[in-house]
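Q: If you scroll down you'll find the structure; I have some questions about it.
The values are calculated or read from the model by the stated rules, or taken from the named source; none is laboratory data. Since we're looking at a predicted model, the values are computed, not measured. No Cβ is skipped: glycine too gets one built from the backbone with ideal geometry, and neighbour counts run over all protein chains shown.
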Amino acid sequence: MPPATESSIHSEPTINLLRELALDLGVVWKRHSDGLWRQIDPDVWLLAERIVEGVDVWINTPRRPWEACGTSGMKVLVNGGMNLSELDGWWAEAYTPDVGWALGDGREHGDDPGRDAEEARQLYDTLENDVIARFYDRDGERLPRKWIAMMRESMARLTPEFSANRTVREYTEKYYLPAAESYSERSATGGTLAQQISSWHKALAQHWSKLNFGQVNSETVGDFHNFRVQVYLDDLEPDAVLVELYAQARDGELPMRQPMTRGDALVGSVGGFLYTAQVPSSPPATDYTPRIIPAFRDVHVTLEVKEILWQR
């Protein structure tokens, strides 16, 4: 198989490999004006279609992070094929030991040839001692029961999740339909809401560069951190933004986001306020960072506005 990503196709080792494959397979390749190599023999696509339908193991070995969308590995699922691939892209999300095999350690190593050699050894070891051994481990009826069980688990668990049906349904329900509703709401009554959003955008652009943080204080009492943060909003309306505490996700959990409460104005300041919040003490206080994000009903940050101001 040619490498999975366009960026890798520019490398000389890849070009040489493609030339060798073309000679071995009798495939015609042409380098286009964009620098990419593409097959121009239509029979190759028919061959790929047959391979996807009948392959037992789909092997994909890009250097992390150069995995592409991963649809080739997804297509074999419904036909009972299983994946042996680099822990990158979709396979980093989908892989568990009972649905396929993984290569690499899930980290990036650049162009280190030593790492390539290590993963090549890992590939051959996995093929010899697990993949091939499992495939030819037959019972009295000459059926590979462990292989079949793994194949069924892969099909049952991954096919519904990594499919065009699921993607289209999820995009429609989560994005397209809400976007259509939002458009209808914003365009109603002569576009009143749209005009309000436009004015809010202009106010953000006018004042954003002058927003800043003052002192940040925290005190841990029992199971909670109590934060006090000075925020300066210039002449921007306080309701135009949200001030919150943010902590990175841990152990696969969602990030911690805690809105802060605006208190009294800071004496002698222009648009200065004291914001407070109480958050669990399970992450240390240093894990939390105050930030300012734009806030307007049903406006999506950072899709519609990109500004976010971090305290550090």
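Q: Inside segment 179-191, can you point out the residues that are farther than 11 Å from Val299 by Cα and hydrophobic (A, V, I, L, M, F, W, C)?
A: Once the filter is applied, which keeps residues that are farther than 11 Å from Val299 by Cα and hydrophobic (A, V, I, L, M, F, W, C), segment 179-191 yields Ala180, Ala188.
Q: Give me the residue from segment 150-164 that is assigned to a helix (DSSP H, G or I) and surrounded by 12 or more Cβ atoms within 10 Å (Cβ to Cβ) and, out of that set, nearest to the chain's Cα centre (by Cα).
A: For segment 150-164, the residue satisfying everything is Leu158.
Q: (1) among the charged types (D, E, K, R); (2) closer than 16 Å to Gln215 by Cα; (3) loosely packed, with under 11 Cβ neighbours inside 10 Å: which one isn't true of Arg228, the others all being true?
A: (3)
Q: Out of Thr167, Thr126, I need the residue that is hydroxyl-bearing (Ser, Thr, Tyr), more than 24 Å from the chain's Cα centre (by Cα) and over 18 Å from Pro65 (Cβ atoms). Which one?
A: Values: Thr167 fails: more than 24 Å from the chain's Cα centre (by Cα).
Just one listed residue meets the conditions, Thr126.
Q: Quick check on Glu253: is it at negative phi, within 29 Å of the chain's Cα centre (by Cα) and assigned to a loop (DSSP other than H, G, I, E, B)?
A: Answer is yes for this residue.
Q: Is it the case, given these coordinates, that Glu181 is assigned by TED's automatic domain parsing to the domain that holds Val241 and either of a type in the set (Asp, Glu) or more than 27 Å from Ala277 (Cα to Cα) (or both)? Explain how you work it out, then say what you get.
A: Numbers: assigned by TED's automatic domain parsing to the domain that holds Val241: no; either of a type in the set (Asp, Glu) or more than 27 Å from Ala277 (Cα to Cα) (or both): yes.
Taking the combined requirement at face value, the residue does not satisfy it.
Q: Which residue out of Leu245, Leu236 is crowded, with 18+ Cβ neighbours inside 10 Å, assigned to a loop (DSSP other than H, G, I, E, B) and either of a type in the set (Asp, Glu) or touching a residue at least 12 places away in the same chain (Cβ under 8 Å) (or both)?
A: Leu236
Q: List the residue pairs whose Cβ atoms are under 7 Å apart, where the first residue sits in segment 153-173 and is of a type in the set (Val, Ile, Thr), the second is modelled with pLDDT of 90 or more, and the two are 6 or more positions apart or on different chains.
A: So the pair list comes out as Thr159/Leu77.
Q: Does Ala194 fit the bill of being within 17 Å of Phe296 (Cα to Cα), free of Cβ contacts under 8 Å to residues at least 12 places away in the same chain and surrounded by 14 or more Cβ atoms within 10 Å (Cβ to Cβ)? Break it down stepwise before answering.
A: Details: within 17 Å of Phe296 (Cα to Cα): yes; free of Cβ contacts under 8 Å to residues at least 12 places away in the same chain: yes; surrounded by 14 or more Cβ atoms within 10 Å (Cβ to Cβ): yes.
Here the answer is yes, as Ala194 does meet what is asked.
Q: Say whether the condition of being assigned to a strand (DSSP E or B), under 26 Å from the mean Cα position of the chain (by Cα) and β-branched (Val, Ile, Thr) is met by at least one residue in segment 262-276. Step through it out loud before you land on a result.
A: From segment 262-276, those assigned to a strand (DSSP E or B) are 262-265, 272-276; that's our starting set.
Next, from what is left, pick out any that are under 26 Å from the mean Cα position of the chain (by Cα): none.
No, segment 262-276 contains no residue that is assigned to a strand (DSSP E or B), under 26 Å from the mean Cα position of the chain (by Cα) and β-branched (Val, Ile, Thr).
Q: State the number of residues belonging to segment 277-290 that are surrounded by fewer than 18 Cβ atoms within 10 Å (Cβ to Cβ) and either outside the structural domain of Asn212 (by TED's automatic domain parsing) or under 13 Å from Phe213 (Cα atoms) (or both).
A: 1
Q: Let me confirm something: among Glu119, Glu128, which residue is touching a Ser or Thr at 6+ places or on another chain (Cβ under 9 Å) and in the same structural domain as Trp58 (by TED's automatic domain parsing)? Full working, then the answer.
A: Details: Glu128 fails: touching a Ser or Thr at 6+ places or on another chain (Cβ under 9 Å).
Matching residue, one of Glu119, Glu128: Glu119.
Q: Could you say which residue among Asp130, Asp139, Asp116 is under 26 Å from Val57 (Cα atoms) and part of a loop (DSSP other than H, G, I, E, B)?
A: From the options Asp130, Asp139, Asp116, the qualifying one is Asp139.
Q: May I ask you to say which residue of Glu86, Glu93 is at pLDDT 90 or above and touching a Pro at 6+ places or on another chain (Cβ under 7 Å)?
A: After applying the criteria, what remains is Glu86.
Q: So, His201, is that one part of a loop (DSSP other than H, G, I, E, B), surrounded by 12 or more Cβ atoms within 10 Å (Cβ to Cβ) and either small (Gly, Ala, Ser) or under 29 Å from the mean Cα position of the chain (by Cα) (or both) or not?
A: no
Q: Suppose we filter Arg121, Arg152 for residues that are within 16 Å of Ile59 (Cα to Cα) and of a type in the set (Lys, Arg); which single one remains? Steps first, please.
A: Values: Arg152 fails: within 16 Å of Ile59 (Cα to Cα).
Matching residue, one of Arg121, Arg152: Arg121.
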